[in-house]
Amino acid sequence: MEHITEIPTVKTPAERFTGDVYLNLIESPTEPARLAAGLVRFTPGARTNWHSHALGQVLYITEGVGLVGKRDGSVARVSAGQAVKCPPGEEHWHGATDTTFMAHVAMVVGDGNGDGTTWLEPVTDEQYTAAQTSGGE
């Protein structure tokens, strides 16, 4: 057993996120294990860029209300205690609503070359605004 007594908080890189987003990395994919997990906190209006994961992703919402959007325009409104599974290769984004904070534990299984995430372009303000009203899956 390894008891980790402090996990530093870092601000996420602006080239992958819109707004203020903070990460506490819980586990990174180190062979032979491949789990990457982190607590991610989004301020109101903050969100990831579009991205996908080679082997999929699970998000477990721990606080607040958030949105998870797919390329087809569908949006899930999520809150504490709920989870979302994004299948391998599915392009998606996630973040807080425009009025609330949101935190989730993000979990991915690495592909042997890191965490298997492919980062894409930012979610536009128009896409984000539309998600505010369409979120309800």
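The values are calculated or read from the model by the stated rules, or taken from the named source; none is laboratory data. What you are looking at is a predicted structure, and each value in this text was computed from that prediction instead of being measured. Note that each Cβ is placed from the backbone with ideal geometry, even for glycine, and that neighbours are counted across all protein chains shown.
Could you list, in sequence order, the residues of region 32-58 that are of a type in the set (A, V, I, L, M) and under 19 Å from Pro8 (Cα atoms)?
Residues of region 32-58 that are of a type in the set (A, V, I, L, M), as a first pass: 33, 35-37, 39-40, 46, 54-55, 58.
Leu35, Ala36, Ala37, Leu39, Val40 - these are the residues of region 32-58 that are of a type in the set (A, V, I, L, M) and under 19 Å from Pro8 (Cα atoms).
Among the residues of region 117-126, are any more than 18 Å from Arg16 (Cα to Cα) and under 14 Å from the mean Cα position of the chain (by Cα)? Spell out the reasoning first.
In the first step, residues of region 117-126 are kept if they are more than 18 Å from Arg16 (Cα to Cα); the result is none.
No.
Does Ile61 count as modelled with pLDDT under 95 and hydrophobic (A, V, I, L, M, F, W, C)? Don't jump to the end; show me each part of the working.
Working: modelled with pLDDT under 95: no; hydrophobic (A, V, I, L, M, F, W, C): yes.
Taking the combined requirement at face value, the residue does not satisfy it.
Taking region 3-29, which residues are farther than 24 Å from Thr100 by Cβ and charged (D, E, K, R)?
Glu6, Glu15, Glu27, listed by residue number.
Does Gly95 fit the bill of being modelled with pLDDT of 95 or more, within 13 Å of the chain's Cα centre (by Cα) and small (Gly, Ala, Ser)?
Details: modelled with pLDDT of 95 or more: yes; within 13 Å of the chain's Cα centre (by Cα): yes; small (Gly, Ala, Ser): yes.
Considered against the rule, which asks whether it is modelled with pLDDT of 95 or more, within 13 Å of the chain's Cα centre (by Cα) and small (Gly, Ala, Ser), Gly95 comes out as yes.
Report, by residue number, each residue of region 85-100 that is under 12 Å from Phe42 (Cβ atoms) and either assigned to a strand (DSSP E or B) or without any contact (Cβ under 8 Å) to a residue 12 or more places away in the chain (or both).
Result: Trp93, His94, Gly95, Ala96.
So, Glu63, is that one closer than 24 Å to Ile4 by Cα and among the charged types (D, E, K, R) or not? Steps first, please.
On the way: closer than 24 Å to Ile4 by Cα: yes; among the charged types (D, E, K, R): yes.
In short, yes.
Say we look at region 101-122 and pick out the residues that are touching a Leu at 6+ places or on another chain (Cβ under 9 Å) and in a strand (DSSP E or B); which of these is surrounded by the fewest Cβ atoms within 10 Å (Cβ to Cβ)?
Step by step, filter region 101-122, then rank; the result is Val105.
Hey, could you check region 123-137 for residues that are surrounded by 14 or more Cβ atoms within 10 Å (Cβ to Cβ) and without any contact (Cβ under 8 Å) to a residue 60 or more places away in the chain and say which is nearest to Thr48 (Cα to Cα)?
Here the residue is Gln127.
Confirm whether Arg47 is exposed (fewer than 15 other Cβ atoms within 10 Å of the Cβ) and under 19 Å from Leu120 (Cβ atoms).
no
Filtering region 8-44 down to residues that are among the β-branched types (Val, Ile, Thr) and buried (at least 19 other Cβ atoms within 10 Å of the Cβ), which residue is farthest from Gly64 (Cα to Cα)? Steps first, please.
Start the filter on region 8-44 by keeping residues that are among the β-branched types (Val, Ile, Thr), which leaves 9-10, 12, 18, 21, 26, 30, 40, 43.
If we keep only those that are buried (at least 19 other Cβ atoms within 10 Å of the Cβ) too, we end up with 18, 21, 40.
On the way: Thr18: 18, Val21: 14, Val40: 12 Å.
Top of the filtered list is Thr18.
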